[in-house]
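Notes follow once the structure below has been shown.
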Amino acid sequence: MEFVHQSVLLRPAVEALAIRPDGIYLDGTLGGAGHSYQIAARLTTGRLIGLDRDEVALAAARERLKPYTDRVTLVHSNFAQLAQVLDRLEIPAVDGMLFDLGVSSPQLDDAERGFSYMHDAPLDMRMDRSGGLTAYEVVNTWPEAELKRILYTYGEERYAPRIAAAIEKRRAEKPIETTLELAEIIRGAMPPQALREKQHPAKRSFQAIRIAVNDELTAVEQMLTAAVDRLNPGGRLAVITFHSLEDRIVKSAFQAAAQGCTCPKEFPVCVCGKTPKVRILTRHPIVADEAELAENPRARSAKLRVAERI
């Protein structure tokens with residue numbers, strides 16, 4: 001299907017980077033190149049590095065960014081590998097980085113990808129379809145205790161024990177193969193009051209399985225550590241999150257990088273030698289305004305945090 005994605009917090013995210021026409025910038029979650037297009041348009045002699053683990057997204061971005069081919073380099077890579085990517089490109093540091101941690105709309109809407117609980121498809125959920133763990137393997141082979149853990153931790157699903165037990169019971173009879181089959185098992189495991197909630201009963205569980213399949217939270221932690229260290233002084237790091245787990249990781253990483261000395265207060269002098277690496281520019285995260293929410297309801301949970309390298 002055609003990869004058309006409506007970028008969330010487009011204007012504030014691009015403005016947060018304070019782009020210089022001759023600067024070097026990295027978009028670690030290229031997607032449909034909505035953010036990247038606006039970054040590239042602001043460059044003259046500068047350069048944009050775009051990363052994505054989804055080859056479908058890369059192909060769409062390459063087409064959209066054709067007017068700026070002279071200043072754009074696209075790389076098939078997980079953003080957790082950004083340091084290695086920059087090393088290969090012989091770029092020691094950049095002037096700004098942007099990461100939009102949400103799943104792109106085309107990934108959600110393309111039934112074949114197996115992300116959606118609204119369309120029937122094989123259980124996949126891989127952002128990088130060139131290999132690796134699938135949702136089928138997680139659902140059918142992971143121990144019940146581990147399923148319960150990821151549903152509770154990654155999905156914040158309070159009915160995780162009931163859902164994990166229902167999955168274990170069904171897969172003992174035959175493998176669970178499709179998204180709608182899994183969604184129905186989840187629905188059947190939940191009490192009547194949970195089914196009256198506004199959101200789909202499988203939403204939290206599908207989020208949890210997707211995070212596990214793509215090892216998303218580990219990747220975010222690795223990315224944040226590498227990103228801070230590969231920014232030039234004055235360079236900006238902008239991160240858009242879509243659920244509380246990611247936002248807590250980003251907030252904590254920013255606070256740790258901004259902290260500096262960790263010696264006990266009673267020490268007369270600093271012995272740890274740690275100094276602040278960044279200053280946080282967003283005391284509270286930036287969220288979508290009413291106009292954007294009216295145009296793109298998926299922006300409702302988006303939060304943008306920004307830090308600047310000292």
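Return the only residue of 296, 232 being in contact with a Lys or Arg (Cβ under 8 Å, 6 or more places away or on another chain) and in contact (Cβ under 8 Å) with a residue 40 or more places away in the chain.
Result of the check over 296, 232: 232.
Given the structure, is residue 176 among the β-branched types (Val, Ile, Thr) and assigned to a loop (DSSP other than H, G, I, E, B)?
Criteria met by residue 176.
Anything in region 118-150 that is open to solvent by less than 50 Å² (accessible area, probe 1.4 Å) and more than 17 Å from residue 170 (Cα to Cα)? List them, or say none. Don't jump to the end; show me each part of the working.
Of all residues in region 118-150, those open to solvent by less than 50 Å² (accessible area, probe 1.4 Å) come to 121, 123-128, 131, 134-135, 138-140, 147, 150.
Across region 118-150, the qualifying residues are 121, 124, 125, 126, 127, 128, 131, 134, 150.
Can you give me the number of residues within region 151-176 that are open to solvent by 40 Å² or more (accessible area, probe 1.4 Å) and of a type in the set (Val, Ile, Thr)?
Adding up the residues that qualify gives 1.
Which condition does residue 97 not pass, out of (1) within 17 Å of the chain's Cα centre (by Cα); (2) within 23 Å of residue 213 (Cβ to Cβ), if it passes all the others?
The number of the failed condition is (2).
Can you name the residue in region 187-214 that is closer than 15 Å to residue 151 by Cα and free of Cβ contacts under 8 Å to residues at least 24 places away in the same chain and, of all such residues, is least open to solvent (accessible area, probe 1.4 Å)?
Looking at the filtered set, the residue picked out is 201.
Pairs, please: C-beta under 9 Å, at least 6 apart or cross-chain, first residue without any contact (Cβ under 8 Å) to a residue 24 or more places away in the chain and in region 156-179, second acidic (Asp, Glu) and open to solvent by less than 60 Å² (accessible area, probe 1.4 Å)?
So the pair list comes out as 164/146; 170/181.
Which one of 34, 50, 23 is within 22 Å of residue 234 (Cα to Cα), surrounded by fewer than 24 Cβ atoms within 10 Å (Cβ to Cβ) and of a type outside the set (Val, Ile, Thr)?
Step by step, each of 34, 50, 23 is checked, and only 23 is within 22 Å of residue 234 (Cα to Cα), surrounded by fewer than 24 Cβ atoms within 10 Å (Cβ to Cβ) and of a type outside the set (Val, Ile, Thr).
For residues that are open to solvent by 100 Å² or more (accessible area, probe 1.4 Å) and in contact with a helix residue (DSSP H, G or I) (Cβ under 8 Å, 6 or more places away or on another chain), scanning just region 265-290, find the one that is nearest to residue 307 (Cα to Cα).
Here the answer is 279.
Before we move on, is residue 113 within 28 Å of residue 202 (Cα to Cα), surrounded by 20 or more Cβ atoms within 10 Å (Cβ to Cβ) and without any contact (Cβ under 8 Å) to a residue 24 or more places away in the chain?
Yes: the conditions hold for residue 113.
Under the condition of being touching a helix residue (DSSP H, G or I) at 6+ places or on another chain (Cβ under 6 Å) and β-branched (Val, Ile, Thr), which residue from region 224-239 is farthest from residue 277 (Cα to Cα)?
239
Are there any pairs, at least 6 apart or on different chains, whose C-beta atoms fall under 7 Å, with the first in region 254-275 and without any contact (Cβ under 8 Å) to a residue 24 or more places away in the chain and the second aliphatic (A, V, I, L, M) and in a loop (DSSP other than H, G, I, E, B), and if so, which?
Between residues of region 254-275 that are without any contact (Cβ under 8 Å) to a residue 24 or more places away in the chain and residues that are aliphatic (A, V, I, L, M) and in a loop (DSSP other than H, G, I, E, B), the close pairs are 263/271.
Give me the helices (runs of 4 or more DSSP H) completely within region 72-158, filtered to those with at least 1 residues that are at pLDDT below 95 and in contact with a helix residue (DSSP H, G or I) (Cβ under 8 Å, 6 or more places away or on another chain), ordered by residue number.
Output list reads 105-109.
The values are calculated or read from the model by the stated rules, or taken from the named source; none is laboratory data. All values reported here derive from a predicted model rather than from experimental measurement. Ideal geometry is used to build each Cβ from the backbone, glycine not excepted, and the neighbour counts take in all protein chains shown. Remember, those area values only see protein heavy atoms, side chains included, never the ligands or the DNA or RNA. Shrake-Rupley method; radii C 1.70, N 1.55, O 1.52, S 1.80 Å.
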